[in-house]
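What follows is a single structure, written as structure tokens, with notes after it.
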Amino acid sequence: MQADLVRRAQRGDEHAFAQLVPAAAERLLGVAFRILRDASLAEDATQQALLDAWRHLHELRDPERFDAWTYRLVVNACYAETRRRRPWRAMLSLVPGLEPPGRDDTRAVDDRDRIDRGFRRLSPQHRAVIVLHHHVDLPLTEVARILKIPVGTARSRLHYATRALRESIEADEAAAAPGRAS
């Protein structure tokens, strides 16, 4: 069904493309938010990716690869946003649907904050590999194809990103330990 819509859109059918957009926008926004860690920037990157998709849809050779192709577009848009990035500002509200519902205790908030700080310290290239592999649940071969990098590079980026994230969290915990009461 999706491939048929893509083929129709490639022939200039705006209605077919409009049918593809809602599902694509939702998944691309989730990826962009996780890479950029800023709702406004993620919306900008998603909008740019969808605009690029419409403009360059005729270049997509295999309509079955529409999802992977749009992931590449949103990752590239995220990279562009980080180059234009405004100074970081704290997010005071959660983006609906991106955080698990339910009661949250102080420890969970603290843990999530440490992970977020560590994730922000990663380069956009490292964030992209982590998000596509762990959040989107793509195998590293597909992540490498989307990012147009060798599989070994994707594996290396995942390894170094995971290690840097772990070290960042451990450093935060060590810094916070002296101030904690026993």
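The values are calculated or read from the model by the stated rules, or taken from the named source; none is laboratory data. From a predicted model like this one, the values you see are computed outputs, not experimental measurements. No Cβ is skipped: glycine too gets one built from the backbone with ideal geometry, and neighbour counts run over all protein chains shown. Side chains included, ligands, DNA and RNA excluded: accessible areas come from the protein's heavy atoms. Shrake-Rupley method; radii C 1.70, N 1.55, O 1.52, S 1.80 Å.
Multiplying the residue separation of T153 and A18 by 0.36 nm and removing their Cα-Cα distance gives an extension gain of 45.1 nm. Annotation: extensible slack from M1 through A174 equals 57.0 nm (criterion: 0.36 nm per residue apart, minus Cα-Cα distance).
A crude spin-label estimate for the pair W54 and A164, with each label 7 Å from Cα along the Cβ direction, gives 3.5 nm. Any chance you could list P(r) for the chain, counting all Cα-Cα pairs in 5 angstrom bins from zero, rounded to whole %? Pair shares across the bins are 1, 8, 15, 17, 18, 16, 11, 7, 4, 2, 1, 1, 0, 0. The accessible area of H159, taken with all protein chains in place and a 1.4 Å probe, comes to roughly 100 Å². Relative to the longest principal axis of the Cα atoms of the chain, the long axis of helix 106-121 makes an angle of roughly 60 degrees. Compute the helix-to-body angle for 66-84: its Cα long axis versus the longest principal axis of the chain, expressed 0 to 90° and rounded to tens. Here the helix axis deviates by roughly 50 degrees.
Remark: spin-label model distance T141-V109 equals 4.5 nm, labels positioned 7 Å along the Cα→Cβ axis. Rounded to the nearest 10 degrees, the inclination of helix 39-56 to the longest alpha-carbon principal axis of the chain is 20 degrees.
Of the listed residues W69, W54, the order by accessible area with a 1.4 Å probe, largest first, is W54, W69.
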